[in-house]
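Trainee: This is the structure I have questions about; it appears just below.
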Amino acid sequence: MIHLPLVRKSPLRSLAVRLLLAVVLVLVTVSIIYVDRAGYRDVNGDGLTLLDCFYYAVVTLSTTGYGDITPVTQGARLVNVLVITPARVLFLIILVGTTLEVLTDQYRNSLRVGRWRRKLKDHVIVCGYGTKGRAAVAALLENGHDKARIVVVENREAAVRQATANGLTAIDGNATRSSVLNEAEVKNCKAVIIATDSDEASVLITLTVRQLTAGQVRIIAAVREQENAALLKQSGAHHVIVSSATAGRLLGLTTTAPPLIDVVEELLTPGQGMALAMRSAERSEVGQSPRDLATLVVALIRRGKVLPLGGEQPVTIETGDMLVYIRDEESSVGVSV
């Protein structure tokens, strides 16, 4: 099921509220009739009991009106004109309005889903909205990625609610199933981020995405154990991040070289001091050494491969190269990575 980012009341809650209003309206009408029961005439001629008042209120508000109980005094007729008739109209609005609202809501949701599908292209699918998934989405948004082009696939109800509350489109289902990934338009997406809590699930999702897209979609996956990284790459993942190994290295840095971990945290934390960024090489920079540029270049990417800058062979910039550099967070140039 596709959950678009829209905050609205539950249909069942709306129905319950309208039903409660209808019951309250009937009780108020019964009370008015019972107080003025002497002004009504029953065909039996034995006066109106409380049950007769309920009967008259229900058949009158529902516009049935058998005519066996009728107002005869001027006061009772005035009450019918000023109170009972408007109550009858309000009662019908409550009942009919509930049905119309449910049907309209379903139709509106179908239109929104259809419009969403037509516009969905070059989007990013995030499988899993736990700690890793939320961090991945936050990084995408910080880098200027459109929130409308992020689709979360999650089978936990609480996580789905949190994703939609954060303004994201969420699909409730298991990402290992082809039908669920097809709902997310995986064939038209730009990349798939796999951030599940299970390495086994990550492998299955990778294989499913690779099968559905024939390897044309970039897959980025996170695993807990280092030994599963090679398996994920064999399954079709383009990039694999080992969360436990990365955390362990950071813990080691904290113990042996505390200042280094501060630098790493500053580079990875948005809005604080330095940040890693990437941009295409400019025409005027072609032929120059990355070390000669005004910006601090830490890596050069050529045709998808990272070239070392500290080797014996000098490296010069070529057309099409991507430069990874460190910039001030207040700068708006480049794309943070």
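Read the figures in this text as sums done on the coordinates, not as results from a lab. Fair warning: this is a prediction, and the values are worked out from it, not measured in the lab. Here Cβ is always computed from backbone atoms with ideal geometry, including for glycine, and neighbour counts include all displayed protein chains.
Trainee: On a full-extension model of 0.36 nm per residue, what is the gain between V263 and R149, subtracting their alpha-carbon distance, rounded to one decimal in nm?
Mentor: Difference between extended and current length: 37.9 nm.
Trainee: What order do you get for 293-303, 218-228 when each peptide is scored by the mean count of other beta carbon atoms within 10 Å, highest first?
Mentor: So the order, starting with the most tightly packed, is 218-228, 293-303.
Trainee: Amide H neighbours of N155 under 5 Å, counting only residues 5+ apart in sequence or on other chains, H built in-plane at 1.01 Å?
Mentor: Here G173 satisfy the definition.
Trainee: Right, something else. If the only charges are +1 at each Lys and Arg Cβ and -1 at each Asp and Glu Cβ, what is the size of the charge dipole of the chain around the Cα centre, to the nearest 20 debye?
Mentor: With Lys and Arg at +1 and Asp and Glu at -1, about 980 debye.
Trainee: Residues with amide H under 5 Å of V223's amide H, sequence separation 5 or more or different chain, H placed in the peptide plane at 1.01 Å from N; which?
Mentor: Correct list: I241, V242, S243.
Trainee: Is it possible to state the helix-based mean residue ellipticity at 222 nm for the chain, with each DSSP H run of 4+ residues giving -39500 (n - 2.57), the sum divided by total residues, to the nearest 500 deg cm²/dmol? What is it?
Mentor: That calculation yields -14500 deg cm²/dmol at 222 nm.
Trainee: Principal axes first, then extents: for the Cα atoms of the chain, list largest minus smallest coordinate on each axis, whole Å, largest first.
Mentor: For the chain, the Cα spread along each principal axis is 114, 43, 41 Å.
Trainee: Taking the Cβ of each residue in V113, V35 as the centre, tally the other Cβ atoms inside 10 Å and list the residues starting with the fewest.
Mentor: Least to most surrounded, the residues fall as V35, V113.
Trainee: I would also like to ask the following. E200: net charge of surrounding residues, Cβ under 14 Å, Lys/Arg +1, Asp/Glu -1, itself excluded?
Mentor: -3
Trainee: Specify, per residue and in Å³, the volume enclosed by the convex hull of the alpha carbon atoms belonging to the range 7-119.
Mentor: 106
Trainee: Would you be so kind as to identify which of V23, Y34, G67 lies farthest towards the positive end of the dipole of the range 17-70, taking Lys and Arg as +1 and Asp and Glu as -1 on Cβ and the Cα centre as origin?
Mentor: Working it through, the farthest residue towards the positive pole turns out to be V23.
Trainee: Then there is this: Which residue, chosen from L309, A257, A135, occupies the Cα position most advanced towards the positive end of the dipole of the chain, where the dipole is computed from +1 (Lys, Arg) and -1 (Asp, Glu) charges on Cβ about the Cα centre?
Mentor: A135
Trainee: So, one more: Please list 3J(HN,Hα) in residue order for the range 190-202, calculated via the Karplus relation 6.51 cos²θ - 1.76 cosθ + 1.60 where θ = phi - 60°; whole Hz, with x for glycine and proline.
Mentor: Listing the rounded values in order: 8, 7, 10, 9, 9, 10, 7, 8, 10, 5, 5, 5, 4 Hz.
Trainee: Can you give the convex hull volume of the alpha carbon atoms of the range 124-246 per residue, in Å³?
Mentor: That works out to 90 Å³ per residue.
Trainee: Taking neighbour counts of Cβ atoms within 10 Å as a proxy for exposure, in what order, fewest first, do E157, E185, E282 appear?
Mentor: E157, E282, E185
Trainee: Out of residues 5 or more away from A275 or on other chains, whose amide H comes under 5 Å of its own, with H placed 1.01 Å from N in the peptide plane?
Mentor: R327, E329
Trainee: Something else about it: Around L120, what is the net charge, scoring Lys/Arg as +1 and Asp/Glu as -1 over all other residues with Cβ under 10 Å from its Cβ?
Mentor: Neighbourhood net charge equals +4.
Trainee: Within the chain, how many lysine pairs that are 8 or more places apart, or on different chains, have C-alpha atoms less than 25 Å apart?
Mentor: Going through the chain pair by pair, I get 18.
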